[in-house]
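Following: one structure in structure tokens, then a few remarks.
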Amino acid sequence: MYQLRGVTKHYTRGKKTVHALAGVDLTIEDGGRLVIQGPTGGGKSTLLQMLGGLDRPTSGTVEFDGVNLADLPEAKLTKVRAESIGFVFQSFNLIPTLTAQENVETALVPLGLKGAARREQAERALESVGLGERAGHLPSELSGGQQQRVAIARALVKQPKVLLADEPTGNLDESTRDDIMELLEGLWKEHGLTFIMVTHDSSIARRAPRLATIRKGRVTITENAAA
């Protein structure tokens, strides 16, 4: 699925160069589950952006299904993101003027799915996260946990190969956090997804079979046989 070799990412801030990633080598198998953890500014989100084709490395290769994302023209990279990668973010990123169902349908627009088929697929996705009865509600009419469920439905409605989650429980209380994690873990198993998640939460990190700890742009992998 993913093969990263010698991936670096450097940013210039004024006269200072920030080394967000410093030679990352990483393999992630099909259907694998990986949690990325580390201090603020250590490179977690930068690494996730590389895996999602949202950013390009300064050097090195980011292969996804044998294709180096770093070399793809922007149009082809956009197609890979639209078809194969679902994203879930801490802030939900829902459009406030659209209903839950309409928010989910937005993920299908780039795929050219029309009318009734698009609505039906969005309905199924909302039902899969337990929100079938809330399809007509605006985000402001939903709790934080419900909004994140809509965001998860939006990420999965296109049936991607990969689910990338950046602090998906960061804005939730402990009880809701656990509910969302159980949902994500269940969907990972049910759909055979490759699931990669960034978190600050050590209790969540301990639940993953594989942990990537990133500090100063360098990654250390720990296997958790008990997970």
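Looking only at residues in region 210-227 that are at pLDDT 90 or above and within 15 Å of G32 (Cα to Cα), the one that is surrounded by the most Cβ atoms within 10 Å (Cβ to Cβ) is A212.
In region 215-226, is there at least one residue being among the hydroxyl-bearing types (S, T, Y) and under 28 Å from R124 (Cα atoms)? No, because not a single residue in region 215-226 is among the hydroxyl-bearing types (S, T, Y) and under 28 Å from R124 (Cα atoms). What do you reckon, is K76 among the charged types (D, E, K, R) and within 25 Å of I204 (Cβ to Cβ)? No: the conditions fail for K76. Taken over region 164-189, the criterion of being within 14 Å of R149 (Cβ to Cβ), surrounded by 20 or more Cβ atoms within 10 Å (Cβ to Cβ) and among the charged types (D, E, K, R) is satisfied by R177 alone. Where helices (runs of 4 or more DSSP H) sit wholly within region 124-227, those with at least 1 residues that are within 24 Å of E102 (Cα to Cα) occupy 144-156, 174-191. Looking only at residues of region 8-20 that are out of contact with any helix residue (DSSP H, G or I) (no Cβ under 6 Å at 6 or more places or on another chain) and not basic (K, R), we find that the one that is surrounded by the fewest Cβ atoms within 10 Å (Cβ to Cβ) is G14. Scanning region 79-109 for residues that are in contact (Cβ under 8 Å) with a residue 60 or more places away in the chain, closer than 30 Å to V67 by Cα and either hydrophobic (A, V, I, L, M, F, W, C) or out of contact with any strand residue (DSSP E or B) (no Cβ under 7 Å at 6 or more places or on another chain) (or both) gives A82, E83, I85, F87, V88, F89, F92. Scoring G31 on the criteria (1) among the small types (G, A, S); (2) under 21 Å from A155 (Cα atoms); (3) surrounded by 19 or more Cβ atoms within 10 Å (Cβ to Cβ) leaves a single failure, condition (3).
The numbered conditions (1) surrounded by fewer than 16 Cβ atoms within 10 Å (Cβ to Cβ); (2) out of contact with any Gly (no Cβ under 7 Å at 6 or more places or on another chain); (3) touching a residue at least 40 places away in the same chain (Cβ under 8 Å); (4) not aliphatic (A, V, I, L, M) are all true for E127 except (3). Would you confirm, using the coordinates I've provided, whether F64 is closer than 30 Å to T17 by Cβ, of a type in the set (A, V, I, L, M, F, W, C), surrounded by 20 or more Cβ atoms within 10 Å (Cβ to Cβ) and touching a residue at least 24 places away in the same chain (Cβ under 8 Å)? Answer is yes for this residue.
The values are calculated or read from the model by the stated rules, or taken from the named source; none is laboratory data. It should be emphasised that the depicted structure is a prediction, and the values quoted were computed from it without experimental measurement. Here Cβ is always computed from backbone atoms with ideal geometry, including for glycine, and neighbour counts include all displayed protein chains.
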